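Trainee: Dumping the structure here so I can ask a few things about it.
The values are calculated or read from the model by the stated rules, or taken from the named source; none is laboratory data. What you see is a predicted model; the values in this text were computed from it and never measured. Cβ coordinates were reconstructed from backbone atoms using ideal geometry, including for glycine residues, and neighbour counts include every protein chain displayed. The accessibility values were calculated without ligands, DNA or RNA, using every heavy atom of the protein model including side chains. Shrake-Rupley method; radii C 1.70, N 1.55, O 1.52, S 1.80 Å.
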Amino acid sequence: MAETNLPSGDRAKSMQQLALEIVNRLHNAGHAALFAGGCVRDMFLGQQPHDYDVATDASPDIVQSLFRRSLAVGAQFGVIEVLGKQPGVHVQVATFRSDGHYSDGRHPDSVKYGTAEEDAKRRDFTINGLFFDPIAHQFIDYVGGREDLEKKIVRAIGDPYQRIQEDKLRMLRAVRFVGRLGFQLEQATAEAIRSLHQEIKQVSVERITDELKKMLLHRTRAASIASLTELQLLPVLFPQFKHYDSLYPLLQALPESCSFTLAWAALLLDLHRKNDTETWPTRHELMQRYGRAFRLSLEEIQCVIYLVESLPLLFKAEELPWASLKPILAHKQRDDLLSLLRTAGIAWQWDATSYRYCEERLRVWSDETLEPDVLITGEDIAALGIPQGPVYKMLLGTVRDAQLNEEIHDRPEALALLQQLAGRIKG
């Protein structure tokens, strides 16, 4: 499905308008239709929902007959996605249902269409079990969600053990909601998570990573990771470590808004620092244990490798040759790297000399100065009668370093240096 180019605020308004149109059309056709789930929670809290879901007593076939621009995205669960006129604007419409047994720990084996109350009681947490009737302008609460929203509590609906055994991903979702909303986790729900924490391994890696990304992208990332530790989930997700606690100083010191790869790098460095202050994550670890194991994209893995490998090089940035510093600062992720360097200074109580030096260099150096066009090629070396081999890499690298160190400035100077180097080799 095409992504929207709408600003987030305009997209939210378009989604809300589409959801209202869906409710009205279903209502006019003689069916009950209500806003459901997270959008109702956000509305109750006075926040703008990012997405809207509608629940109805109309069957999926009826929903599709009323909305030609629709897709059966979860027909087995009674879910139809209605498409708006603008790309990326869509609303999921689900038939009221109760769920059968969850044999895979994620999805019900069967569903039975039912009432709004049955539908509310099969959901995960009370704060997500509310409905809102936009026609009557009325909240509908079968599970005590309004009271828990007022008390700022995340509580499983009904028996927390049953809710979590049905869908093990709910353990991570509980932590994410606690962090995002600034709520407390209800005691019985927390105890159920601790008791069942090993079963998070039944959830697919992709879904686990998706939840971790959402946590790490939010400003409460450090608190969420601390909650994962306290609930014994983090040791299951990162079993290679031995020591965990509630303090994650790098995560805590990150700016409120940051990229996922920056937050992921900070998390790995926090964990490594707790376990071994003498070692640094290796490229192999970053690729195998923390990249591919969590199904990160190759681009994400390469970004994390750059951040983690480059950070210690900048601890004494002012002492680095420019030929070493410039390629680091020419990288497309350099802003994240400098943010990580500044964060490390705050978290690990270092002085800011290296960070200030890098900032000063970036004010002085243009992009062309950081990454100038090369002055010579292998053809220039061949023209001097030097046979191809490893020496080519050495010669090209030496001339390039001299260029980046601003010891030479143009092609004639580069050729002169190359001739000197070639003479030494031949001599």
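Trainee: If a paramagnetic tag sat 7 Å from the Cα of residue 152 along the Cα-Cβ line, which residues of region 207-225 would have the backbone N under 18 Å from that point?
Mentor: 219-225
Trainee: Largest first, what is the accessible-area ranking of 287, 215 with a 1.4 Å probe? List each step's numbers first, then the result.
Mentor: Working: 287 30, 215 5 Å².
Descending order: 287, 215.
Trainee: Which sequence of 290, 244, 113 reflects their accessible areas, 1.4 Å probe, from the largest down?
Mentor: Numbers: 290 0, 244 55, 113 110 Å².
Correct descending sequence by accessible area is 113, 244, 290.
Trainee: Ok, one more. More than 14 Å apart: what percent of Cα pairs in region 108-156 qualify? Don't jump to the answer; show the numbers that get you there.
Mentor: Details: 625 of 1176 pairs.
Distances greater than 14 Å cover 53 percent of the Cα pairs.
Trainee: What base-10 log of the normalised intensity I(q)/I(0) is obtained for region 198-301 from the Debye formula, alpha carbons as equal point scatterers, at q = 0.13, 0.19, 0.20, 0.22 Å⁻¹?
Mentor: Each listed q corresponds, in turn, to -0.43, -1.00, -1.13, -1.42.
Trainee: Also, quick follow-up: Can you run the Rg to Rh ratio on the chain? Use alpha carbon positions and the Kirkwood inverse-distance Rh. Could the numbers behind the result be given before it?
Mentor: Working: Rg = 28.1 Å, Rh = 25.4 Å.
Using Cα coordinates only, the ratio equals 1.11.
Trainee: Once both labels are modelled 7 Å past Cα along the beta-carbon direction, what's the residue 205-residue 20 spacing in nm?
Mentor: 4.5 nm
Trainee: Moving to a separate point now. For the chain, what does the helix formula give at 222 nm: sum of -39500 (n - 2.57) over DSSP H segments with n ≥ 4, over the residue count, nearest 500 deg cm²/dmol? Present the calculation step by step, with values, prior to reporting the outcome.
Mentor: On the way: 21 runs with 212 residues, N = 427.
It lands at -14500 deg cm²/dmol.
Trainee: On full extension of the chain, what length is gained from residue 276 through residue 348, given 0.36 nm per residue of separation minus the C-alpha to C-alpha distance?
Mentor: Working: separation 72, 0.36 × 72 = 25.92 nm, distance 1.48 nm.
Contour length minus the Cα-Cα distance gives 24.4 nm.
Trainee: Spin-label point model (7 Å from Cα, Cβ direction): what's the residue 302 to residue 401 distance in nm?
Mentor: 2.5 nm
Trainee: Where the accessible area of region 198-254 is counted over protein heavy atoms with a 1.4 Å probe, how much of it, in %, is carbon and sulfur? If you can, show how the numbers build up before the last one.
Mentor: Numbers: 1360 of 2650 Å².
Exposed carbon and sulfur together represent 51 percent of the surface.
Trainee: Let me ask something else. At 1.4 Å probe size, put 406, 300 in order of accessible surface, largest to smallest.
Mentor: Working: 406 75, 300 35 Å².
Result, largest first: 406, 300.
Trainee: Based on alpha-carbon positions alone, could you give the equivalent ellipsoid semi-axes of region 316-427 from the gyration tensor, as √(5λ), descending, whole Å? Please list the in-between numbers first.
Mentor: Numbers: eigenvalues 244, 35, 27 Å².
Semi-axis lengths for region 316-427 are 35, 13, 12 Å.
Trainee: Which of the chymotrypsin sites (Phe, Trp or Tyr not before Pro) found in region 124-167 are loop residues per DSSP with 13 or fewer other Cβ atoms within 10 Å of their Cβ? If you can, show how the numbers build up before the last one.
Mentor: Working: sites: 125, 131, 132, 139, 142, 161; in loops: 142.
Loop-located and lightly packed - none at all.
Trainee: If the reach is capped at under 13 angstrom between alpha carbons, list the aspartates and glutamates near residue 168, excluding any in the same chain fewer than eight residues apart.
Mentor: Hits, sequence-local ones excluded: 104, 124, 199, 211.
Trainee: Separate question: Which entries in 151/214; 393/426; 213/316 show an alpha-carbon gap greater than 21 Å? Walk me through the intermediate numbers first.
Mentor: Numbers: 151/214 24 Å; 393/426 16 Å; 213/316 31 Å.
With Cα atoms farther than 21 Å apart: 151/214; 213/316.
Trainee: Let me ask you something else. Hey, what does the equivalent ellipsoid look like for region 8-78, semi-axes from the Cα gyration tensor as sqrt of 5 times each eigenvalue, largest first, whole Å? Mind dumping the intermediate values first?
Mentor: Numbers: eigenvalues 96, 33, 30 Å².
Working through the eigenvalues yields semi-axes of 22, 13, 12 Å.
Trainee: Next question, about the same structure. Two decimals is fine: what's Rg over Rh for region 209-266, C-alpha atoms, Kirkwood radius as Rh?
Mentor: Working: Rg = 10.8 Å, Rh = 11.5 Å.
Reported Rg/Rh (Cα atoms, Kirkwood Rh): 0.93.
Trainee: Send over a whole-number figure in Å² for the accessible area per residue of the chain, probe 1.4 Å. Mind dumping the intermediate values first?
Mentor: Details: 21110 Å² over 427 residues.
Result: 49 Å² per residue.
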